[in-house]
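The structure appears right after this line, and notes come after that.
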Amino acid sequence: MKNILLIILITFSTSVFSQVKMDTSEIISKRYEWKLNNKKNDSTLNQILTEYKSGIYREDFSDFENPKSKFGHYFIYDKNNANGKLKAETKHIEFAFGNTFQRNYYDKNGNLDSIKQKLWKNDSLKEMSFNVHKKYNDKSKLKTLIERSKS
């Protein structure tokens, strides 16, 4: 009886708390975007878009680089969630902008599972984590997501 309960518990916990891993081991393509300055007859690297075999994109914005920036400026997202959508509507896996870093974790159904944030301010690093509480309707369809702070 204990073994059956243990199997049910393990099956439930892996299905609810499983998070998708990001595979960036093999690059398919890299695209470089340059900003042209016709007055100076010069160009500046503006953006690098890297596509990985797993369907992950990474966009680096070198135009915003700042020596005081702790995390750089980039977005990492899944191309399956980005097709035909504005960048603000895509499911970002990870992004950094200056002194702010955020990593989003999704479950196997593509629903937000947890969030980890780092904020560099006044020469100190503040780390925050959030769990996402999920509510489902009677047909096991996700109804709402509520962020809860981790203890």
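Here, each number is a calculation from the coordinates, and none is a lab measurement. The structure presented is a predicted model; accordingly, all values stated were derived computationally and were not measured. Every residue, glycine among them, receives a Cβ derived from its backbone with ideal geometry; neighbour counts consider all protein chains shown.
Approximating the spin labels as points 7 Å out from Cα along Cα→Cβ, the residue 44-to-residue 24 distance works out to 2.5 nm.
Suppose R0 equals 30 Å; then what is the FRET efficiency for residue 131 and residue 100 from their Cβ-Cβ distance, rounded to the nearest 0.05?
According to the calculation, E is roughly 0.90.
With R₀ fixed at 30 Å, the C-beta to C-beta distance from residue 147 to residue 68 puts the FRET efficiency at about 0.55.
Here are some pairs, 53/134; 68/126; 91/118; 53/108; which of them have Cα atoms lying more than 23 Å apart in this structure?
53/134
For the pair residue 33 and residue 124, the difference between a 0.36 nm per residue extended length and the Cα-Cα distance amounts to 29.4 nm.
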